[in-house]
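Shown next, in structure tokens, is the structure this report addresses.
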């Protein structure tokens, strides 16, 4: 099979309705290297960079409640900082760049699951302004 390793995927394919921060950025534990008294942060096997993770909530209204929260792992030499919250809102929208998805079989469920990774986290880009309506027969530049 030609596909080996993570599959490059766009943010809009993973979160077509967007997503929101619901947790803190945390280092991912390397379970093989860590011991009872010593925490060792995981490093990406290919890039060698430290791995961080953040919990986000999928804004897709059709996703079941139990599947709404997803951990996104971020490869970064320094701890990533989430974007600022929106004024007058408890929600922090976020987007990820350089995303990949790696399929695996969940140990507890025996079902196909996906590990989502990203290279960067940022505030969403502003949506394009809607075109202004003009009287019939005339065009208006937005």
In nanometres, the difference between 0.36 nm per residue of separation and the alpha-carbon distance of residue 17 and residue 46 is 7.4 nm
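With a cut-off of 8 Å between alpha carbons and a minimum separation of six or more residues, what is the relative contact order of the chain in percent?
Working: 261 pairs, mean separation 32.7, N = 142.
Relative contact order of the chain: 23 percent.
Would you please give the FRET efficiency between residue 122 and residue 4, computed as 1/(1 + (r/R0)^6) with r the Cβ-Cβ distance and R0 = 25 Å, to the nearest 0.05? Write down the numbers at each step before the final one.
Numbers: r = 29 Å, r/R0 = 1.15.
Once rounded, the FRET efficiency stands at 0.30.
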Here, residue 102 and residue 78, labelled 7 Å along Cα→Cβ, have an inter-label distance in nm of 2.6 nm
Taking other Cβ within 10 Å of each residue's Cβ, how do 122, 117 sort, fewest first? 122, 117
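Using helices alone, I'd like the mean residue ellipticity at 222 nm for the chain: each DSSP H run of four-plus residues gives -39500 (n - 2.57), total over residue count, nearest 500.
About -500 deg cm²/dmol.
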Ascending count of other beta-carbon atoms within 10 Å, so fewest first, for 49, 24, 95: 24, 49, 95
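Read the figures in this text as sums done on the coordinates, not as results from a lab. Remember, predicted model here, so these are calculated numbers, not experimental data. Because the Cβ atoms are built from the backbone with ideal geometry, glycine has one as well, and the counts that use them run over all protein chains shown.
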